[in-house]
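J.: Before I ask anything, let me first share the structure, which is written out below as structure tokens.
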Amino acid sequence: MKRGNVIGVILIIIGIGWIIRKAGLIDVNWIASIKVLWPVFLVSLGLTLLARRRNWLVTSVWILTLVLFVGFGIYKRNEPENIIDIEKRFGIDRSPIVAVEKRPFSAEIPLPGDAEQGRLILQLGGVNINLKEGSGSFFVKTSSNIPGLQQRLAEGKQTVLEYSHEQFNAGNAVRNMNLEMNPDLVWEVDANLGVVDGEMDFKNIPVEKITLQLGAGEMALSIGDKQAHTKVTLRAGASDVDIYVPSQAGLMVKSGNILTDLSFHNISLTAKDGVYMSENYENSDHKIEIDVVSALSAVQIFGR
């Protein structure tokens, strides 16, 4: 089978899985399947390369792969969908909240009097998320229908807020989360999301650091020019991620991808040793650094 046909079969399999999730036809924990069965995917790729001219065999291999992933995902449907434990993967410092008791989430978090910076930690499974600019009169305002949603809050000069949820039977319900963040604080955001669909809009929010771990789904990330230096770390499984940056910003992109489409639009970058850099990066008053590692994803970066 030709390379184009192989890629076509893979895309069809991914598309079928995505339709199953969107339509809610079957309750499947895709993240559990990816975590445990990812070597099966490599074996299927190997068999595909060995049996190039046997179309029926290649098709059978990928059908069996899909059935195996779906079956295991159904078996694990009641387990949390986080692809990994975020603090272990990224070495995130959770010391400010580790001793804080988890409580049911509050719709509005008042702004602490001594807060100068904010830090938001999201550890969620499948979710439709919408993050945007809020009011300067509160720290964070949240609305969500996620069952068992909990929060931990540690107040200080850098006030830290964590959202997570208890284990629950996901069912076919769509889980939504809307977040409004104080635009007068400088933020760090650490998000570990399983199957995700949504937008994070930081155009008018100063943000120094964004760490995103995405299992599968679609995400739009917008970065503004409110901060001198912004560092974005993206780890994605099978995801479509669109990143929007100011076209006049100094941009550097580091990429380590497997079967991933990385593309740039309305921005001019020079590539060297896997690093893409704009001509004005060194002299720009606003620098954006993006580190991308993904597999089977499409990552597009747009200048605006």
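J.: Among (1) over 11 Å from the mean Cα position of the chain (by Cα); (2) at negative phi; (3) surrounded by fewer than 18 Cβ atoms within 10 Å (Cβ to Cβ), which single condition is residue 205 missing?
T.: Answer for residue 205: the failing condition is (3).
J.: Here are some residues: 234, 214, 251. Which one is of a type outside the set (S, T, N, Q), at pLDDT 95 or above, buried (at least 18 other Cβ atoms within 10 Å of the Cβ) and outside the structural domain of residue 37 (by TED's automatic domain parsing)?
T.: On the way: 234 fails: at pLDDT 95 or above; 214 fails: at pLDDT 95 or above.
The match here is 251.
J.: Condition (residue is more than 13 Å from residue 301 (Cα to Cα) and within 10 Å of the chain's Cα centre (by Cα)) applied to the stretch 217-226: is it met by at least one residue? Before the answer, list the steps.
T.: First pass over the stretch 217-226, keeping only residues more than 13 Å from residue 301 (Cα to Cα): 217-218, 224-226.
This time we only want the ones that are within 10 Å of the chain's Cα centre (by Cα), so: 217-218.
Yes; the residues of the stretch 217-226 include at least one that is more than 13 Å from residue 301 (Cα to Cα) and within 10 Å of the chain's Cα centre (by Cα).
J.: Quick one: would you say residue 129 is in the same structural domain as residue 185 (by TED's automatic domain parsing), assigned to a strand (DSSP E or B), buried (at least 18 other Cβ atoms within 10 Å of the Cβ) and over 23 Å from the mean Cα position of the chain (by Cα)?
T.: Details: in the same structural domain as residue 185 (by TED's automatic domain parsing): yes; assigned to a strand (DSSP E or B): yes; buried (at least 18 other Cβ atoms within 10 Å of the Cβ): yes; over 23 Å from the mean Cα position of the chain (by Cα): no.
So residue 129 fails the test.
J.: Taking only the stretch 271-290 into account, find how many residues are outside any loop (DSSP other than H, G, I, E, B) and either touching a Ser or Thr at 6+ places or on another chain (Cβ under 8 Å) or under 22 Å from residue 208 (Cβ atoms) (or both).
T.: From the stretch 271-290, those outside any loop (DSSP other than H, G, I, E, B) are 271-272, 275-277, 287-290; that's our starting set.
Add one more test, that the residue is either touching a Ser or Thr at 6+ places or on another chain (Cβ under 8 Å) or under 22 Å from residue 208 (Cβ atoms) (or both), and what stays is 275-277, 287-290.
Qualifying residue count for the region: 7.
J.: What pairs come out if I take residues in the stretch 132-159 that are within 14 Å of residue 104 (Cα to Cα) and outside the structural domain of residue 95 (by TED's automatic domain parsing) and pair them with residues that are in a strand (DSSP E or B) and among the aromatic types (Phe, Trp, Tyr) whose C-beta lies under 9 Å away, six or more apart or interchain?
T.: Partner pairs satisfying both residue conditions: none exist.
J.: Let me ask something else. Taking the residues in the stretch 72-114 that are more than 21 Å from residue 213 (Cβ to Cβ) and of a type in the set (Ser, Thr, Tyr) as candidates, determine which candidate is modelled with the lowest pLDDT.
T.: 75
J.: Test of understanding: among 288, 301, which residue is within 30 Å of residue 156 (Cα to Cα) and crowded, with 17+ Cβ neighbours inside 10 Å?
T.: Working: 301 fails: within 30 Å of residue 156 (Cα to Cα).
Every option except 288 fails the conditions.
J.: Considering only residues that are assigned to a strand (DSSP E or B) and surrounded by 18 or more Cβ atoms within 10 Å (Cβ to Cβ), which ones fall in the stretch 132-141?
T.: Here is the first cut: in the stretch 132-141, the ones assigned to a strand (DSSP E or B) are 132-133, 138-141.
Scanning the stretch 132-141 gives 139, 140.
J.: Return the residue satisfying two criteria in turn: it lies in the stretch 256-284 and is farther than 22 Å from residue 199 by Cα and among the small types (Gly, Ala, Ser), and of such residues it is surrounded by the most Cβ atoms within 10 Å (Cβ to Cβ). Break it down stepwise before answering.
T.: Of all residues in the stretch 256-284, those farther than 22 Å from residue 199 by Cα come to 256-259, 268-284.
Next, only the ones that are among the small types (Gly, Ala, Ser) stay: 256, 268, 271, 274, 278, 284.
Details: 256: 12, 268: 12, 271: 11, 274: 10, 278: 23, 284: 18.
Looking at residues that are farther than 22 Å from residue 199 by Cα and among the small types (Gly, Ala, Ser), I get 278.
J.: May I ask you to list pairs of residues, at least six apart or on different chains, whose Cβ atoms are under 6 Å apart, with the first in the stretch 270-285 being of a type in the set (Phe, Trp, Tyr) and the second being in a strand (DSSP E or B)?
T.: Pairs found: 276/253; 281/250; 281/252.
The values are calculated or read from the model by the stated rules, or taken from the named source; none is laboratory data. Being a predicted model, the structure only gives us computed values, none of them experimental. Using ideal geometry, Cβ is built from the backbone for each residue, glycine included, and neighbour counts are taken over all protein chains shown.
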